[in-house]
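Asks: Submitted below is the structure of interest, expressed as structure tokens.
The values are calculated or read from the model by the stated rules, or taken from the named source; none is laboratory data. Not measured: the values here are computed from a predicted model. Using ideal geometry, Cβ is built from the backbone for each residue, glycine included, and neighbour counts are taken over all protein chains shown. Please note that ligands, DNA and RNA were not included when accessible areas were found on the heavy atoms of the full protein model with its side chains. Shrake-Rupley method; radii C 1.70, N 1.55, O 1.52, S 1.80 Å.
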Amino acid sequence: MRDWDVLALGELNLDLVLTGLKSRPVPGHEILAQRHSLVLGSSTAICAAAMAGLGLDTHLLAKTGRDLYARRCLELLRELGVDGSLIRQDPDIQTGVTISLSWGEDRALVTYLGAIAALRAEEVDCAVFRRVKHVHVGSFFLQSALRPGLAELFRKAHEAGATTSLDAGWDDAEVWDYGIREVLRHTDVFFPNELEAAAVTGRQAVPEAARELAQYARHVVVKCGGDGAYLVSGEKEFQLPAYRDIQVVDTTGAGDSFNAGFLYGFVHGLPLEACMEHGNACAAISITRLGGAAQCATLEEVHTVMETGRL
């Protein structure tokens, strides 16, 4: 019996978010931020929190240290409605942390990986796939221990009747491979942003990159920031513009919130156009708030944005 909507596999850390910078950081100069917060971080966990906020029964399997940051992560997950009972704690490693610097509509991230990169495929009990409708993994390129076994995990998830999705994340080493195409063969929805799609394929034009990736994944959704998102699925191909009448506060986690909105529709069997609309609405709401998971969108708010174009 599938009594869980989503199992998110991947990284869990805190984000120290500094916003309101007047410009990007400059070497040798001190730049003041207008606001700061310590919030739940990581692509996978932010997406999980956003899905829970929309009403999906969401579980997270990740790895942390056994430290202050880990305790705060678990507290935040409980507050946000994400089941963290599968999270593994290792006293020999530190919980990861990301510093997010945000100015205007742009941002820069600095991450200490720690436990972010420590979860291994062997630590995932594949029997759980029989309980869940969908399996999501964020930050493929960050998760060096999970990557080698992820294609087999996704294959087993499909075998158990669950669907799968993957977000790329940035590859600091700029290798842009690690067997990702083999993973995509077992992926129902792939969520790169436009820079990641270009880096993986070597094709700068979003439509061309999306079409190439769609030779592997069932649905490819390229996130294009203020230009919305571009989808390729078989013969279906279209771009859905972003909502424009939105005041930008912090773009941290906007892509993960898009994923959550899309997956809400996907898990409920909505048409791809409706999945895209939910994704764009969640992303729009996310950028009006400080921190990717600090105040997740509700389904009512998403429907308001979809109906009126504003929050």
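Asks: For segment 219-294, which trypsin sites (Lys or Arg not before Pro) pass both filters: DSSP loop (anything but H, G, I, E, B) and at most 16 other C-beta atoms within 10 Å?
Replies: The qualifying sites are Arg244.
Asks: Could you size up the charge dipole of segment 79-153 around its Cα centre, putting +1 on the beta carbon of Lys and Arg and -1 on that of Asp and Glu, and report it in debye to the nearest 20? Present the calculation step by step, with values, prior to reporting the outcome.
Replies: Details: 7 positive and 10 negative charges, 48 e Å.
Magnitude of the dipole: close to 220 debye.
Asks: What percent do you get for the relative contact order of the chain when only Cα pairs under 8 Å and 6+ apart count? All intermediate terms of the calculation are to be shown ahead of the outcome.
Replies: Working: 751 pairs, mean separation 54.4, N = 311.
Computed over the chain, the figure is 17 percent.
Asks: OK, next. Any chance you could look up the accessible area of Asp177 with a 1.4 Å probe, heavy atoms only, rounded to 10 Å²?
Replies: It works out to around 70 Å².
Asks: Compute the signed sum of charges (Lys and Arg +1, Asp and Glu -1) over the other residues within less than 9 Å, Cβ to Cβ, of Asp171.
Replies: Values: positive: none; negative: Asp172, Glu174, Asp177, Glu196.
Surrounding charge for Asp171 is -4.
Asks: Hey, if you put +1 on the Cβ of every Lys and Arg and -1 on every Asp and Glu Cβ in segment 219-311, which of Val232, Phe266, Gln295 ends up farthest toward the positive end of that dipole?
Replies: Gln295
Asks: So the label point goes 7 Å from the Cα of Ser37 along Cα→C-beta, right? Which residues of segment 257-289 then have their backbone N under 12 Å from it?
Replies: Only 286-289 fall inside the zone, counting backbone N under 12 Å.
Asks: Run lengths n ≥ 4 of DSSP H only: what is the helix-derived mean residue ellipticity at 222 nm for the chain, with -39500 (n - 2.57) per run over all residues, to the nearest 500? Don't jump to the answer; show the numbers that get you there.
Replies: Details: 9 runs with 97 residues, N = 311.
Using -39500 (n - 2.57) per qualifying helix, the result is -9500 deg cm²/dmol.
Asks: Still on this structure, please answer the following. Dipole magnitude of segment 31-94 about its Cα centre, charges +1 at Lys/Arg Cβ and -1 at Asp/Glu Cβ only, in debye to the nearest 20? Working shown, then result.
Replies: Numbers: 7 positive and 7 negative charges, 32 e Å.
Here segment 31-94 has a charge dipole of around 160 debye.
Asks: So, one more: Once you charge only the Cβ atoms, +1 for Lys and Arg and -1 for Asp and Glu, what is the size of the charge dipole of the chain about its Cα centre, to the nearest 20 debye? Please report the intermediate quantities before stating the final value.
Replies: Working: 28 positive and 41 negative charges, 56 e Å.
The dipole magnitude comes to about 280 debye.
Asks: Do you know the relative contact order of segment 140-266, to the nearest whole percent, from alpha carbon pairs under 8 angstrom that are 6+ apart? Intermediate results must be reported in sequence, preceding the final value.
Replies: Details: 179 pairs, mean separation 21.4, N = 127.
Reported relative contact order: 17 percent.
Asks: While we're on this one: What residue among Cys224, Cys275, Cys126 shows peak mean-square fluctuation when the chain is described by a Gaussian network model with Cα springs under 10 Å?
Replies: Highest fluctuation of the listed residues: Cys126.
Asks: Count the net charge of all other residues whose Cβ sits under 13 Å from the Cβ of Val183, scoring Lys and Arg as +1 and Asp and Glu as -1. All intermediate terms of the calculation are to be shown ahead of the outcome.
Replies: Working: positive: Arg147, Arg155, Lys156, Arg181, Arg185, Arg218; negative: Glu152, Asp167, Asp177, Glu182, Asp188.
That works out to +1.
Asks: List the GluC sites (Glu not before Pro) in segment 204-311 that DSSP assigns to loop (not H, G, I, E or B) and whose Cβ has at most 16 other Cβ atoms within 10 Å. Which are they? Write down the numbers at each step before the final one.
Replies: Working: sites: Glu208, Glu212, Glu235, Glu237, Glu273, Glu277, Glu300, Glu301, Glu307; in loops: Glu235.
Filter output for segment 204-311: Glu235.
Asks: To continue, here is another question. With a 1.4 Å probe and all protein chains kept in place, how do Phe262, Phe238 rank by accessible area, largest first? Intermediate values should be presented prior to the final figure.
Replies: Details: Phe262 0, Phe238 45 Å².
Putting Phe262, Phe238 in descending order of accessible area: Phe238, Phe262.
Asks: So what is the relative contact order of segment 151-206, in percent, for Cα pairs below 8 Å that sit 6 or more residues apart?
Replies: Values: 51 pairs, mean separation 22.1, N = 56.
It comes to 39 percent, rounded to a whole number.
Asks: Let me ask something else. Could you put His186, His59 in order of accessible surface area, largest first, with the 1.4 Å probe and the full protein assembly present?
Replies: On the way: His186 40, His59 10 Å².
In descending accessible area the options line up as His186, His59.
Asks: Additional query: Please go through the residue pairs Lys22/Lys236; Lys63/Lys236; Lys63/Lys156 and name each one whose alpha carbons sit more than 32 Å apart in this structure. Please list the in-between numbers first.
Replies: Numbers: Lys22/Lys236 42 Å; Lys63/Lys236 38 Å; Lys63/Lys156 21 Å.
Those over the limit are Lys22/Lys236; Lys63/Lys236.
Asks: Could you tell me the calculated FRET efficiency between Glu75 and Leu270, based on Cβ-Cβ distance and R0 = 25 angstrom, to the nearest 0.05?
Replies: Values: r = 33 Å, r/R0 = 1.31.
Computed FRET efficiency for Glu75 and Leu270: 0.15.
Asks: In square angstrom, rounded to the nearest 10, how much accessible surface does Arg72 have for a 1.4 Å probe?
Replies: Its heavy atoms expose roughly 80 Å² to the probe.
Asks: If Lys and Arg each add +1 and Asp and Glu each add -1, what is the summed charge of the other residues whose beta carbon sits under 12 Å from the beta carbon of Gly104?
Replies: Working: positive: Lys22, Arg24, Arg107; negative: Glu105, Asp106, Asp250.
Net charge in that neighbourhood comes out at 0.
Asks: Something else now. Expressed in nm to one decimal, what extension gain is obtained for the pair Glu182 and Gln295 from 0.36 nm per residue of sequence separation less their Cα-Cα distance?
Replies: Details: separation 113, 0.36 × 113 = 40.68 nm, distance 3.55 nm.
Length gained, Glu182 through Gln295: 37.1 nm.
Asks: What residues from segment 5-35 fall in the zone where the backbone N is under 20 Å from a label point 7 Å along the Cα-to-C-beta line of Asp92?
Replies: Residues 12 fall inside that zone.
Asks: Give me the distance between the Cα centres of segment 66-140 and segment 188-259, rounded to whole Å.
Replies: 23 Å
Asks: I've got another one for you. Any chance you could run the full-extension gain for Ala108 through Arg203? It's 0.36 nm times the residue separation minus the Cα-Cα distance, nm to one decimal.
Replies: Details: separation 95, 0.36 × 95 = 34.20 nm, distance 2.36 nm.
So the extension gain works out to 31.8 nm.
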